[in-house]
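The values are calculated or read from the model by the stated rules, or taken from the named source; none is laboratory data. Just so we're clear, the structure is a prediction, and the values are computed from it rather than from any experiment. Positions of Cβ are backbone-derived with ideal geometry, glycine not excepted, and every protein chain shown enters the neighbour counts. Remember, those area values only see protein heavy atoms, side chains included, never the ligands or the DNA or RNA. Shrake-Rupley method; radii C 1.70, N 1.55, O 1.52, S 1.80 Å.
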Amino acid sequence: MLTFRSTRFKYSLWVCVISLWQHERVQSISISVVTQVSNSVLALHKPEISKSPMVNDQIQASAEEIRALISRRRPITHEFDWHIKSAEFSPDGVVREMFLVNNIFPGPVIRAKRGDRIRIRVHNELDVFNQSTSLHFHGLYQRGTNVMDGVPGVTQCGIPIHDENFVYDFNLTQSGSFWWHSHSKTQRIDGIMGGLIVYDSEERYQIDRDYDEEIYLILHDHYHETGANMFDWYLSRESAGFEPVPDSGLINGQGTVDCERAKRKYECHSDSTKRPKFKFQHGKKYRLRILNASAFAELTFSIDDHVLDIIEADSIEVQRYPVHMLTIAPGQRYSAIVTAASGFSAVVMRIQMQTSCFQYRPRVLDKNFDTVVEYQEEKSILTKFSQKFSRRNDVKDESELLPEDLYSIPWEDAIPAEECEDLDTSKLVPVESMIVPNRTMRIFMEPKNMNLDRVEQANYGFINRTSFQPAIGAPNIQVAFNMVNAEETVHIPTVSGRENTKFWGGEQLVSEIPYGAVVDLVLHNSDDTSHPFHLHGHDFWVLREYRELVAGAGRWHEQFESEYRLDNPIRRDTVTVPLRGHVVIRFVADNPGIWAFHCHIVWHLGAGMMMQFATGLDHFNSRTISPVMKSHCEVERELGQRLLRPLPGEELRQKIKHNKELAKGSSLSRL
């Protein structure tokens, strides 16, 4: 029996009980860095071993570094050596176990130029037998290198522990703002993620012409418990289907919490943390590259007294569009140019979680994790204040203002209604105009969170009643070319109770698409929460977004086709399907491979809200599947049963079944 979670109740107080489990902690880690020695390759050398994790202080790049990168004429190969280890770290003051790349958080930022080659050697040193890992480069097409897309069960098996051989190797054919993160389990929110920016001298918006400096902002929610423990809680009756809610928010890996409000079981040091501050200089223009790397939270972003001129959405350049406030879903990126022309000596950069998406509220959580932008030279505060005074309806006299009020005043429309929905992108127009081709096929999809009786009312994610559970040791790209037979691998206990998918194994929805097809995806969302969906290997046109407050009234109907935006609509790779609404997107299936399509909320993805497109496999080069990738799958198949995750209630059901068989045998013996 399937029980739909169509209505979810909000409590004023909800206590999360999460079991404590801890890996063996290893704090020492080696760091490898790269330095340029020629125009063709970067050389490796290893500095001294660092024994304590650090906040990544290399997130920003100077204008000089960016100019040098863009002006370089010949492509080069960037070689990186990344060591992934477990460490204790406290980004916001609460000490917790994290998985770090080269002992820094967030992980290394990759900056390169279009046409360059990236080679990343990954060393998995997590020292837990079932903690294989993987890296996905979010937003990159990976044209011709589908096997480098980094999705376990789809394009590869996870990189096993103590592996020294695997290298992600691909060329950069795009420019814009991207990012990288682990696609294994919940490792992304445990620390394995970082930035990726690709420059190009042919981009519309250039440094020194359109802006003077660049500021990179990696924004995300943060949890005090490990991802594994929270996911165990989420897939249990105790969660009632409520997603784990974050404890704080971080800006470039830094934040603060009130230790007096934090749970007593955590070690907490409020005096050891801070939020980063930023500096503006009057008259300069700044390009803000803003990434929402959250597990769950949709974020709103604004800067008091400054207009955000949007120029990029998910690596697609758009014509300037001014806004006071940005809403950013998990996985999305925006660039905005900001002119430093305020009369205040300091202004507030406001970042807020849209808590209407949350089903309970931790006591420690402050949904606002604002910081300060300081001007490098003093300006008259009161002069500017007098011009903006009419915006403060609650203050009738300047003498009523406290000192902190003199910083700045928020835009009136920068405090959004708590609706948990995406930015209206209908006004965003791509710089590069493209003709939208006519549809040749249409696929209907319904993402859904469901509590199932057969798994003790645990909550799982579905697309068209299929919950993604891949075969062990048989990634689909290898299955497609008969390199492994999924039917001969370990049987996967499926959430729905159906038999394993005959060809692909496990429980999977794989839609086969002919090369060159123009595909419309119609996504209905009857849940009471939104779903930010990301398509690997492609950009797509957003033809229609619709939300309805009345349950069941927001479904797509054929007459809506006449309302599609077809005149150079926005293209992107991550779009939010609003609650009780639908989205229609269109893409051209001209990139051979098997590509994941999934909700970018960690809890929904981990619970199975993912499907795939097997696109133009008759054009795919199977020789790109390396012997190393095959060997990783051999390791996984050897582990076999040890990698199975018991479904909730499975042990109890097996015990009952065993007792029934014993009772039946006893009855037969008496006969």
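Points worth noting:
- Scan of the stretch 201-238 for residues that are touching a Cys at 6+ places or on another chain (Cβ under 8 Å) and over 23 Å from M353 (Cβ atoms), ordered by number: none
- Screening M98 on (1) touching a Pro at 6+ places or on another chain (Cβ under 9 Å); (2) assigned to a loop (DSSP other than H, G, I, E, B); (3) buried (at least 17 other Cβ atoms within 10 Å of the Cβ) shows it passes everything except condition (2).
- Contacts under 9 angstrom Cβ, first residue in the stretch 256-268 being in contact (Cβ under 8 Å) with a residue 24 or more places away in the chain, partner hydroxyl-bearing (S, T, Y) and assigned to a loop (DSSP other than H, G, I, E, B), 6 or more apart: T256/T273; V257/T273; C259/Y266; E267/S90; C268/S90
- Answer residue from the stretch 534-559, given it is out of contact with any strand residue (DSSP E or B) (no Cβ under 6 Å at 6 or more places or on another chain) and not aliphatic (A, V, I, L, M) and is least open to solvent (accessible area, probe 1.4 Å) among those: G552
- Remark: pairs (first residue in the stretch 618-646, within 17 Å of I492 (Cα to Cα); second residue open to solvent by 40 Å² or more (accessible area, probe 1.4 Å) and among the aliphatic types (A, V, I, L, M); Cβ separation under 9 Å; 6+ apart in sequence or on different chains) = C633/M483; E636/L643.
- Residues satisfying the stated conditions in the stretch 598-624, i.e. in a loop (DSSP other than H, G, I, E, B) and open to solvent by 10 Å² or more (accessible area, probe 1.4 Å): F620, N621
- Residue match in the stretch 174-185 (condition: among the polar types (S, T, N, Q), within 23 Å of L639 (Cβ to Cβ), in a loop (DSSP other than H, G, I, E, B) and at pLDDT 95 or above): yes
- Taken together, the residues in the stretch 480-514 that are within 22 Å of R143 (Cβ to Cβ), touching a Phe, Trp or Tyr at 6+ places or on another chain (Cβ under 9 Å) and not acidic (D, E) amount to 5.
- The single condition from (1) touching a residue at least 60 places away in the same chain (Cβ under 8 Å); (2) within 26 Å of D200 (Cβ to Cβ); (3) surrounded by fewer than 23 Cβ atoms within 10 Å (Cβ to Cβ); (4) among the polar types (S, T, N, Q) that T339 fails is (1).
- Tally of residues being part of a helix (DSSP H, G or I) and either among the hydrophobic types (A, V, I, L, M, F, W, C) or modelled with pLDDT under 65 (or both) across the stretch 636-650: 2
- Flag: D567 does not match the condition of being closer than 28 Å to E432 by Cβ and either within 27 Å of the chain's Cα centre (by Cα) or crowded, with 24+ Cβ neighbours inside 10 Å (or both).
- Restricting attention to the stretch 406-420 and to residues that are open to solvent by 70 Å² or more (accessible area, probe 1.4 Å) and over 23 Å from P578 (Cα atoms), the residue that is modelled with the highest pLDDT turns out to be E412.
- Among the candidates G176, G150, G144, the residue that is under 18 Å from the mean Cα position of the chain (by Cα), surrounded by fewer than 24 Cβ atoms within 10 Å (Cβ to Cβ) and at positive phi is uniquely G176.
- Residue within the stretch 152-162 that is out of contact with any Asp or Glu (no Cβ under 6 Å at 6 or more places or on another chain), in contact (Cβ under 8 Å) with a residue 40 or more places away in the chain and among the aliphatic types (A, V, I, L, M) present: yes
- In the stretch 599-611, the residues that are more than 17 Å from T226 (Cβ to Cβ) never reach a residue that is among the basic types (K, R) and open to solvent by 10 Å² or more (accessible area, probe 1.4 Å) with C-beta atoms less than 6 angstrom apart, at least six apart or across chains.
- Contact map, the stretch 311-335: first residue closer than 19 Å to P410 by Cβ, second residue part of a strand (DSSP E or B) and open to solvent by 10 Å² or more (accessible area, probe 1.4 Å), Cβ cut-off under 8 Å, separation 6 or more or different chains; pairs are P322/D309.
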